[in-house]
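The structure appears right after this line, and notes come after that.
The values are calculated or read from the model by the stated rules, or taken from the named source; none is laboratory data. This structure is a prediction, so every number in the text was calculated from the model and none was measured. Counting neighbours? That spans all protein chains shown, and the Cβs are built from the backbone with ideal geometry, glycine included. Accessible surface areas use protein heavy atoms only, side chains included; no ligands, DNA or RNA. Shrake-Rupley method; radii C 1.70, N 1.55, O 1.52, S 1.80 Å.
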Amino acid sequence: MIRRVAFACAAACVAAGAFIAAQAPAQPAPPEPTAALSRANLAKPRPKAPFDLTGVWLHGGGADNSFRFSPPAGFKLTPAAQVHYDAARKAQAENKVYRDDIGQCWPAGLPLIMTRVWPITMMQYPTVIYMISEFMNSLRIVYLDGRPHSDPDVVVPSWNGESIGRWEGDTLVVDTKYFTGHHHWVDSGVPASDALHIVERIKPLNDGNTLQIEYELTDPKSWEGTWKYTKRWRRVEDRDIAEVSCLPDLNDHMPTTKSGANVR
Amino acid sequence: MRTRAFLAGAMLLVAGTAWAHHSGAGVDRTRTVTITGVVKEFRWTNPHSWIDLEVADAKGAPTVWSIEMNPPPYLIRSGWKASTLKPGDKVSVTLNPIRTGEPGGIFVSVTLADGRVLDGRGAGPRPPAPAAQ
């Protein structure tokens, strides 16, 4: 008797399940595996990359290799940017610091994040390069999977922007835009705007021990023309990067950030 | 000799500025001040380690000096450990002072109670400077 009841219940459940399945809407198709690290994207056939940037890199050293992106000779700023530049020069003449936003924990952003003289860990995959500066662990992503820049109407502006890379012979050419102009500077008193556009031509030298990047910076809201720089990094193989955070209570003990020498 | 000393000074200036997480323009890098006091707090942390040192001012009143240091990876190369300073330790610190005269500055060196002198430059072994091809 018990066995007969159990069989009847099981049959009813199967029938009910079939009914529910017939009534339920069709399941949506799974999303396209377009993410940089999706298995399908990684598995797509691609030409072999000419070099692998994976490693830790530290800017500095050598001649003509400043960590700054100072305006070139004969530069011309827009009137809006000139106001900041003049204020910064006035502060400098008074031994003061003009709007040192990085010291107040704002992100350094591109291009300065590349030359903060803190090591940068780079991890290269066939579809993407992740760059993590030890300085505030700032993340920069360079897509290599052939995607175009995002729709400007949906992209979220950021301090490091959106970087799209492509191989040109033995050089990686990276195009970056969609920056925020919020507390973002190219040099002291030189504001970056949301029109900042950076092209980098990257290649290793000296058997992969030196990394060279040629920069072209344009920002028609801040200056006229194109500013060009060439900078170099050395490979670091004796230390890893660590967790680094800028904290309000840290700054309470930093005389350089809380001093009255700071001009806001 | 004079040239070499100048170059060494210039390199220190560049390194000190570059390693800061902020501008050092408000600091007088041409001048050093040595103060003696009692460690109130020593924080071993990124992006800067720091010392709060309680020092008696000209009238004998306790004043806390905030002293900004390089991050631990550099201090380690100069012989530092997290346990090097403890609250209550009496030490002398040499620093580049804030231009405004506020009690604080950027660390140059410390003389510990046992007489050891440590700087914070991290002058350990370094890879060679990058060169253009």
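Would you mind stating whether A:Asp86 is open to solvent by less than 50 Å² (accessible area, probe 1.4 Å) and more than 26 Å from A:Leu205 (Cβ to Cβ)? No.
For segment B:43-67, filtered to residues that are open to solvent by less than 30 Å² (accessible area, probe 1.4 Å) and closer than 16 Å to B:Val91 by Cβ, the residue that is farthest from the other protein chains (Cβ to nearest Cβ) is B:Val55. All conditions in (1) of a type outside the set (Phe, Trp, Tyr); (2) in a strand (DSSP E or B); (3) away from every other protein chain (no Cβ under 14 Å) hold for A:Gly181, with the sole exception of (2). So for segment A:175-193 (the condition being touching a strand residue (DSSP E or B) at 6+ places or on another chain (Cβ under 9 Å) and under 18 Å from A:Asn65 (Cβ atoms)), does at least one residue qualify? Taking every residue of segment A:175-193 in turn, at least one turns out to be touching a strand residue (DSSP E or B) at 6+ places or on another chain (Cβ under 9 Å) and under 18 Å from A:Asn65 (Cβ atoms). One residue stands out in segment B:17-42 among those that are open to solvent by 20 Å² or more (accessible area, probe 1.4 Å) and not in a loop (DSSP other than H, G, I, E, B): the one that is modelled with the lowest pLDDT, namely B:Thr17. Among the residues of segment B:68-95, those identified as of a type outside the set (Val, Ile, Thr), in a strand (DSSP E or B) and surrounded by fewer than 22 Cβ atoms within 10 Å (Cβ to Cβ) are B:Lys90, B:Ser92.
Candidates are the residues of segment A:251-262 that are at the interface with chain B (Cβ under 7 Å from one of its Cβ atoms) and farther than 23 Å from A:Arg89 by Cβ; the one that is surrounded by the most Cβ atoms within 10 Å (Cβ to Cβ) is A:Pro255.
Of the residues A:Glu214, A:Glu224, A:Glu237, A:Glu243, which single one is within 14 Å of another protein chain (Cβ to nearest Cβ), surrounded by fewer than 18 Cβ atoms within 10 Å (Cβ to Cβ) and under 29 Å from A:Gly74 (Cα atoms)? Please lay out each step first, then the result.
Values: A:Glu224 fails: within 14 Å of another protein chain (Cβ to nearest Cβ); A:Glu237 fails: under 29 Å from A:Gly74 (Cα atoms); A:Glu243 fails: under 29 Å from A:Gly74 (Cα atoms).
Matching residue, one of A:Glu214, A:Glu224, A:Glu237, A:Glu243: A:Glu214.
When the criteria are applied in full, A:His183 meets the requirement of being open to solvent by 30 Å² or more (accessible area, probe 1.4 Å) and touching a Phe, Trp or Tyr at 6+ places or on another chain (Cβ under 6 Å).
Applying the set (1) more than 9 Å from chain B (Cβ to nearest Cβ); (2) polar (S, T, N, Q); (3) within 30 Å of B:Gly101 (Cβ to Cβ) to A:Ser163 leaves exactly one unmet item: (3).
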